[in-house]
Amino acid sequence: MKILVVGSGAREHAIVHSLAGEPTNLDIHAAPGNPGMGQEATLHPVDAADPTAVATLAMTLGADLVVVGPEAPLVAGVADAVRTVGIPAFGPSAAAAQLEGSKAFAKDVMAAAGVPTAMAHVCTTVDEVADALDAFGPPYVVKDDGLAAGKGVVVTTDRDEALAHAAVAFEARGAAGRVVVEEYLDGPEVSLFCIADGKTIVPLRAAQDFKRAYDGDQGPNTGGMGAYTPLLWAPGNLTDDVVARIAQPTIDEMARRGTPFVGVLYVGLALTARGPRVVEFNVRFGDPEVQVVLARLRTPLSHVLAAAAAGRLSEIEALTWSNDFIVNVVVAAGGYPGSVRSGDPITGIDAAQALDGVHVLHAGTAVDTSGQLVASGGRVLSVIGQGATLEAAREKAYAGVALIDLPGSEHRTDIALKAARNEIVIPS
């Protein structure tokens, strides 16, 4: 099977790495990819967000399946363009991708489907935002309605900060700008990926990620600084409950609207005193969670993705999983998530990967004119540790991080620490 993976981040590298580890030989291609993906796939310098260019490449390659990784190409209609030329695509249509492209749209779908989520106000002016903040009270939750690379949300007890975030969002979006103000949901957050083929859902394993930049969940929101799985502290029926009450009703509502959803429905949850509530929907694998979830998957990923693209998920056997614990620690460039510098050399990856139970996935990397691997983005690497216990997985991940040198780099030191200490509590 010839598979084209669209995208260039650690999410796409995780997909390529999983495909490359399958027992049957796959012909794996990536567009545009990154240097790490280039060790396991053939790279093509194509703009991931250009539907025509991606579809043309897929035809030229004779691809059997195209996997669209990031949200921006999905919202731009890349999966539509690929399907139009007769090639199966894993990823929702542009219309269905509005579940992530517009938080207001997602709220409307959830209301129609009876999905439990936070109460919200959709605002078009700063004055409306101020009224909504006062109605809910602190902590304040303010979300840019559109795509913001995982950094369009602020959660704060500072009303002025919440208003300032809304003002920036309105300025960036212009006259069509909208902001969603939500009630704050208590309880630990969980990510669950649900593979969908338009009607059937196959859930993967739950994970927990870490959005804040600094230890102790301090600092600004980021795209994610680390993740781990499994979640031994979560209710045993969590996955079945989420599929029955959230994911399946959402997929059914999308089909009813004439926009069937094919791809990953990423359900971001808060486990509140009132039960699971949706914090957000995304329409693709989450980064940094997919890196840990796919590391446990034993069923060939290609089988699952191809079945979803073909509308045959109901025909596949139950997924099989490793019993190991997986921890992902993200190494970011200095200054992330603000202004970061590019071009700093990266060394030590080979030494890290020589450790038992450690592998490294690339996100923001490039090769300079001298052939040196350098940083080229905010989140640069994902260092994955795998062990028989959560403590062992943490030790391996951080041992790998210690061997990598990137001048000025930053990482959190407390990924999965509370879980390892049994300190996570679900409100009752």
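The values are calculated or read from the model by the stated rules, or taken from the named source; none is laboratory data. All of these numbers come straight from a predicted model, not from anything done at the bench. Cβ sites come from the backbone with ideal geometry, for glycine too, and all protein chains shown count toward neighbours.
Run down Ala363, Ala308 and say which single residue is touching a Phe, Trp or Tyr at 6+ places or on another chain (Cβ under 8 Å), of a type outside the set (Val, Ile, Thr) and in contact (Cβ under 8 Å) with a residue 12 or more places away in the chain.
Just a single option satisfies the conditions, and that option is Ala308.
Evaluate segment 70-80: report whether one residue or more is assigned to a loop (DSSP other than H, G, I, E, B) and not assigned by TED's automatic domain parsing to the domain that holds Ala363.
Looking for residues that are assigned to a loop (DSSP other than H, G, I, E, B) and not assigned by TED's automatic domain parsing to the domain that holds Ala363, one finds at least one in segment 70-80, hence yes.
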Working only within segment 84-129, note down all residues that are more than 25 Å from the chain's Cα centre (by Cα), under 19 Å from Arg178 (Cα atoms) and either assigned to a loop (DSSP other than H, G, I, E, B) or among the acidic types (Asp, Glu) (or both).
Thr124, Thr125, Asp127, Glu128
If a residue has to be touching a helix residue (DSSP H, G or I) at 6+ places or on another chain (Cβ under 7 Å) and either buried (at least 22 other Cβ atoms within 10 Å of the Cβ) or free of Cβ contacts under 8 Å to residues at least 40 places away in the same chain (or both) to count, how many in segment 163-189 make the cut?
5
Condition check for Ala234: within 18 Å of Val327 (Cβ to Cβ) and touching a Phe, Trp or Tyr at 6+ places or on another chain (Cβ under 8 Å)
no
Looking for something touching a helix residue (DSSP H, G or I) at 6+ places or on another chain (Cβ under 6 Å), among the small types (Gly, Ala, Ser) and within 21 Å of Leu265 (Cβ to Cβ) - is there at least one such residue anywhere in segment 33-47?
no
What residue, among those in segment 76-118 that are of a type in the set (Val, Ile, Thr), surrounded by 18 or more Cβ atoms within 10 Å (Cβ to Cβ) and at pLDDT 95 or above, is nearest to Lys143 (Cα to Cα)?
Val109
Out of Ala308, Ala295, which single residue is out of contact with any Leu (no Cβ under 8 Å at 6 or more places or on another chain), farther than 22 Å from Pro92 by Cβ, part of a helix (DSSP H, G or I) and not assigned by TED's automatic domain parsing to the domain that holds Glu71?
Ala295
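Condition check ((1) of a type in the set (A, V, I, L, M); (2) modelled with pLDDT under 95; (3) surrounded by 18 or more Cβ atoms within 10 Å (Cβ to Cβ)) across all residues:
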position	(1), (2), (3)
Thr200	no, no, no
Leu204	yes, no, yes
Trp233	no, no, no
Gln248	no, no, yes
Please state which of the following conditions Gly263 fails to meet, knowing it meets all the rest: (1) surrounded by 23 or more Cβ atoms within 10 Å (Cβ to Cβ); (2) part of a helix (DSSP H, G or I).
(2)
Among the residues of segment 130-151, is there at least one that is part of a strand (DSSP E or B), more than 24 Å from Pro288 (Cα to Cα) and modelled with pLDDT of 90 or more?
yes
Counting only helices (runs of 4 or more DSSP H) wholly inside segment 320-428, the ones holding at least 3 residues that are out of contact with any strand residue (DSSP E or B) (no Cβ under 6 Å at 6 or more places or on another chain) and on the phi < 0 side of the Ramachandran plot are 390-403, 417-420
